[in-house]
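Quick notes on the structure that follows.
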Amino acid sequence: MMVRRYGYLGAVFALAWLMAAAPSPAQAATGWHEPRIPGTSKDAVILGRDLDGDGDPDEVTINLEVIEVREEVYPGKVVTFWVFAPEGEGMVSPARFPSPTIRVEQGDRIKINLRNTHYFPHTIHPHGTIHPNAMDGVPDITQAAVKPGEAFTYEFIAKNPGTFFYHCHVQPDVHVLMGLQGMFIIEPNRPNNNFRHLIVGAGEITDLAVAQAEQYDREYSLVYTDIDDRLNDIPARYKDPRRIEKKMHREYDSTRRHPNIFMLNGRSFPFTLRDTLIKVKPNERIKLRILNAGARVISLHTHGHHPILTHVDGYPVPEAARLTRDVFTLTAAQRIDLELRTTQDDFYASGPGVWIMHDHTEQAVTNKGIGPGGDITIIAYEEFVKPDGLPKTAVSLDRFFDPDFYSGKVPVFDPSIFNTTLSDYEKGWTKPRQPEVGSKAAPVPPAKGGSPPEPVSPAKEESHSTLKLPPIRQRTAAVESPVRPRAVVSPCAKPRSFRRIVLMGGTKVAREGEVYGFDRREIRLRKCEEVEVTLENTDSIRHAFKIPDLAPLFNLEFRGPGKRTARFVTPDEDVTLEFRCNVPGHENFGMVGVIVVGKGGGAGRKL
């Protein structure tokens, strides 16, 4: 193995890469190793024994967390989601909406460990699969909901191949549409059937399973959903989980829900073109696995192509009953598999080009009423794809990547059509419109000191809900931090004293209005002191004790319940340092405190 020298920073990155690539002890014991998704723990996916001796693992364990994320779904629009995510490690989580596509093989023994790192109870319902009743994931009926800090294992054998669904079944009218939803694929059993078991964000499946490679050239998982952004904004507006619960589950009336953002794989046009462009070549067969994870009926239309319906809700359609259409209707939670053919035969396909694909419910091709937007994507033949990955189009799409377009600050048409400019555009209607020649109509008089009255849209005149929301709080990784950002400090080179401290973290020591917490919120230490800290994690999820302003950064992180010990050295100066749990969201709900070194300093304050 040849090692090149790239200096200290390069060595750090190289070491991190090698550590990420190394299998966990559980994987090393079986010989099967799946490349890690960046930001995940070594045990996010554990592959076990080859039970049938056909060259691939038949025991699959997946560890999932529940993470709150905020993502830009189209230019200028940031939305809060809750997602199932592969168990993370460190400060960076691989979480994104939609929750990852899970892939297993027929006959596999599946274990999905739900480790609830969120502030609300959750479950996982494997929708459409054959599984024991105890594994159905319905709270109060087949199991108790998994509370924050707890874990539950869903264990079953993957039976019938097909495209299925998994989602939270706690308060599903809210939790599913907040993002706790994903596609679940069971592949037919074949020898040497090795593939990735998790695909973050869905989209193109680049490593086709053996059975799919026998019939298809490419494969895509397409998750369609719709949201009412008033619901998704609630967690970003409040800090106290009790208030979030009241706003989401008692004041928000889901029967009066008004979907206004329509997405494919968690993005709306034009971001769909970067995220889920369906690339094809002539004379190919492409498998499209489609899930309607929203709460409305969609009518999926493919321009220039007539795909074949091969599967419904995971089960194959008999050959004699298969349909070839250009519009396919899916109700909520339904799945279909389509075979897209790109043969230029004037029957299945019209030939190479740039062909859009979208829900033909017209509101669904807008972003909060401004189009084009929504779940539009493109079937793009590779000769029509630019080096930057975007499709070659007749007119530049640059204006759609400008947030001003979807905020309504610029007109949807070129102002020159109306013989005006952008700067003068809205000055034109400040003057009353003159009646046509021969008309007895008089101009509408302007309101005193202003323009003529504008017609009021019924939708704006009467709100569809009584829910009132405050402005969105700017929640960042350091929100509600007791310490303002300050310079990073270094530990003392030669400690002058030694001390042991014990710290408990988790749900058991949370205070009123919190979900997680540390039993100590202020720790006083001497300058230039070596400290042995023992963290007792009382929960069945991961927690951490991190000092972000100490260089090198100190981070003691592990999955509980249990205890771990590590050491750090304080700086030789009076300073106040923050400590916190780095699992996304935990510091916002209690797991944060300060270390006062010597007399303290900076912006630290007692909690």
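Between T343 and K147, the FRET efficiency estimated from the beta carbon spacing at R0 = 56 angstrom works out to 0.55. Put the Cα centre of region 263-329 next to the Cα centre of region 60-107 and the gap is 23 Å. Taking amide H as placed 1.01 Å from N in the peptide plane, the amide H of E219 sits under 5 Å from that of I205, K287, each at least 5 places away or on another chain. Of all beta bridges that DSSP places with both ends in region 497-597, some 65 percent have antiparallel geometry.
Figure legend: label point modelled 7 angstrom from the Cα of R399 along Cα→Cβ; residues of region 354-373 with amide N under 15 Å from it are 370-373. Rounded to the nearest whole Hz, the Karplus-based 3J(HN,Hα) values (6.51 cos²θ - 1.76 cosθ + 1.60, θ = phi - 60°) of region 242-247 follow the sequence 5, 6, 4, 4, 5, 5, with x at glycine and proline. Taking each residue as 0.36 nm, the span from H258 to E532 lengthens on full extension beyond its C-alpha to C-alpha distance by 93.2 nm. Lys-Lys pairs in region 244-406 that are eight or more residues apart or on separate chains and whose Cα atoms lie under 17 Å of each other come to 5. The peptide list 201-213, 410-422, put in order of mean Cβ contacts within 10 Å with the highest first, becomes 201-213, 410-422. When only the Cβ of Lys, Arg, Asp and Glu is charged (+1, +1, -1, -1), the dipole of region 497-597 relative to its Cα centre reaches about 360 debye. Y425 sits among other residues whose Cβ lies under 12 Å from its own Cβ, and their net charge, with Lys and Arg +1 and Asp and Glu -1, is -1. Label zone of E245 (point 7 Å out along Cα→Cβ, amide N under 20 Å): in region 78-118 this covers 82-83, 115-118. May I ask for the distance between the Cα centers of region 219-256 and region 154-169, given as a whole number of Å? Measuring centre to centre over Cα atoms gives 25 Å. With both residues required to sit in region 49-142, DSSP beta bridges show an antiparallel share near 60%. What share of Cα pairs, in percent, lie more than 16 angstrom apart in region 123-189? Taking all Cα-Cα pairs of region 123-189, the fraction more than 16 Å apart is 48 percent. Sorted on the mean count of surrounding Cβ atoms within 10 Å across their residues, most packed first, peptides 250-260, 280-290 read 280-290, 250-260. Here the extension length gained between N160 and R499 equals 116.2 nm, from 0.36 nm per residue of separation less the Cα-Cα distance.
We did not get these values from a lab; they are worked out from the coordinates using the rules stated. Nothing here was measured: the structure is a model prediction, and the numbers come from that model. Methodologically, a virtual Cβ is constructed for each residue, glycine included, from the backbone with ideal geometry; neighbour enumeration extends over all protein chains shown.
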